[in-house]
1. Among Leu234, Leu249, Leu244, Leu307, which is the only one that is surrounded by fewer than 20 Cβ atoms within 10 Å (Cβ to Cβ) and not basic (Lys, Arg)?
2. Determine whether Ser299 is away from the ligand (no atom under 12 Å from the Cβ) and modelled with pLDDT of 95 or more.
3. Failed condition for Arg347, given (1) more than 25 Å from the chain's Cα centre (by Cα); (2) within 16 Å of the ligand (Cβ to nearest atom), with all others met?
4. If Tyr156 meets every condition in (1) in a helix (DSSP H, G or I); (2) open to solvent by 10 Å² or more (accessible area, probe 1.4 Å); (3) over 18 Å from Gly221 (Cα atoms) apart from one, which number is that one?
5. Hey, can you tell me all the residues within the stretch 349-368 that are within 17 Å of Ile408 (Cα to Cα), open to solvent by less than 10 Å² (accessible area, probe 1.4 Å) and part of a helix (DSSP H, G or I)?
6. Can you name every residue in the stretch 258-272 that is outside any strand (DSSP E or B), buried (at least 20 other Cβ atoms within 10 Å of the Cβ) and either aliphatic (A, V, I, L, M) or over 18 Å from the mean Cα position of the chain (by Cα) (or both)?
7. Since Val277 meets every condition but one in (1) in a helix (DSSP H, G or I); (2) surrounded by 15 or more Cβ atoms within 10 Å (Cβ to Cβ), which condition does it not meet?
8. Could you please tell me which pairs satisfy a Cβ distance under 7 Å, a separation of 6+ or placement on different chains, a first residue in the stretch 242-257 that is part of a strand (DSSP E or B), and a second residue that is among the polar types (S, T, N, Q) and away from the ligand (no atom under 16 Å from the Cβ)?
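The values are calculated or read from the model by the stated rules, or taken from the named source; none is laboratory data. Because the structure is predicted, anything quoted here is derived from the model rather than measured. Counting neighbours? That spans all protein chains shown, and the Cβs are built from the backbone with ideal geometry, glycine included. These area figures cover heavy atoms from the full protein model, side chains too; ligands, DNA and RNA do not enter into them. Shrake-Rupley method; radii C 1.70, N 1.55, O 1.52, S 1.80 Å.
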Amino acid sequence: MCSRFSFARLSRCRLLWTALWRFKSEAETRNRRKRTHESSSMKVLIINSGSSSIKYQLYDMPQGSVLAKGIVQRIAESESEASQEAGDRRIVINERVPNYEQGLDIIGRMLTDPEKGAIAALTEIGACGHRVVYGGETIKGSVLIDDGIIKLIEEYSELAPLHNPPNLLGILAAKRMLGNIPQVGCFDTAFHQTLPEEAYLYSLPYELCQKMKIRRVGFHGTSHQYVTERAAELLKKDKHAVNLITCHLGNGCSMTAVRGGRSVDHTMGFTPLEGLVMGTRIGDLDPGIVLYLARRGYSISELDKMLFRQSGLLGISGTSNDVRDLEQRAAAGDARAKLALDVFCYRIRKYIGAYLAVLNGCDAIIFTAGIGEGSAMVRRRTLEKMEALGITLDIEKNNAIKGREGRIDADDSRIALFVIPTDEEIVMVRDTFALATGKTL
Ligand code: AMP
């Protein structure tokens, strides 16, 4: 009797405690929203959780100034490293980070470090935006994350196995750490949901594509969107009036044909394997080769590994997936390194031709991401001898630009040529702020 009585009392206490806790956290959220609404300012954390790292930036919005940026690397490996810069204050923490929750905990510690941090308490953060790679045809823009969106990200994990699972772990860890603040998903696929049917449809049996939702969805959308908007500013044109070819050349590589500021064709497909030659990914391939190898006994997991991790620049050169290494090796006489770069540049060139036809000419071609921003050689090899198409590169201007914004076309080029360092975070933070406050910047 006595023990039943205590048990009932204990349950009532727990209920009361839960109700109080929920009331307190909702009151905190209301106050935070009220403060935000009144002052129109908000600190927004942007998180990009990759397969073994979490990159982040803390912004003061709406100004868009970066209060802190950092990275936790080699999560779940034997040695991890976390570092943060906030103004001229730098923190480095070397301790093992077994999972994403602990990764977020370290980020919380660094952000609130009394000497070198950026804020006094995590409750100052009003909203959190997350990069999510795959939202398929369902997601057409950034969205507030609720249980339905979490389920969707989980469902799409099968199609983006390298990206969606860590993206989701980052979201769940941030929800745990930051409590009941708006969390926003910014999807790499969203910018490409304007592709017309003729560009996104594969000529597989139509009913099969419908049933299994097989279509081109596209990737790197936030980057293509950012450089599109920036190119419009540089060209002094309305962003809804520019026609562009945007080349995102990094670890993953993709190109977009942009008409009137909207994506109308794109090189990556149903998965991020299609299109350009990449560091270790195959790009375009006769599907018959996959059937041929399967018939010869290659398993699905062997093919998966081959197409995602052993092909591309690494596959051809046999030595490296990094353009910097390959440039050095090629200069030193390594024929396979030179061949890898030849195939890489030729594929980009071929798609420039295709997209000029799609767009009936364009205002500008943009190069961005690690290779696009860093390699004058790749830009030259891609763009030289295209004068008949209205493209004339200024070799000296091109050689002078590395990792910074600049214009590289000759005076008589009909098409403008730009290097624009990508800034996916700024697109994400603007969307997150807008969805959290209802104020569009
Ligand atoms: P991202 O995915 O944008 O970080 O790009 C990473 C890739 O950019 C690396 O794998 C390198 O191949 C390439 N990269 C970075 N810097 C340079 C550079 N200065 N020159 C050529 N390639 C570069």
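1. Step by step, each of Leu234, Leu249, Leu244, Leu307 is checked, and only Leu234 is surrounded by fewer than 20 Cβ atoms within 10 Å (Cβ to Cβ) and not basic (Lys, Arg).
2. When the stated conditions are applied, Ser299 passes them.
3. Just one mismatch for Arg347, condition (1).
4. Among (1) in a helix (DSSP H, G or I); (2) open to solvent by 10 Å² or more (accessible area, probe 1.4 Å); (3) over 18 Å from Gly221 (Cα atoms), the lone unmet condition for Tyr156 is (3).
5. Correct list: Ile352 only.
6. Met268
7. Status for Val277: all satisfied but (1).
8. Final answer for the pair search is Leu244/Thr228; Thr246/Thr228; Thr256/Ser263.
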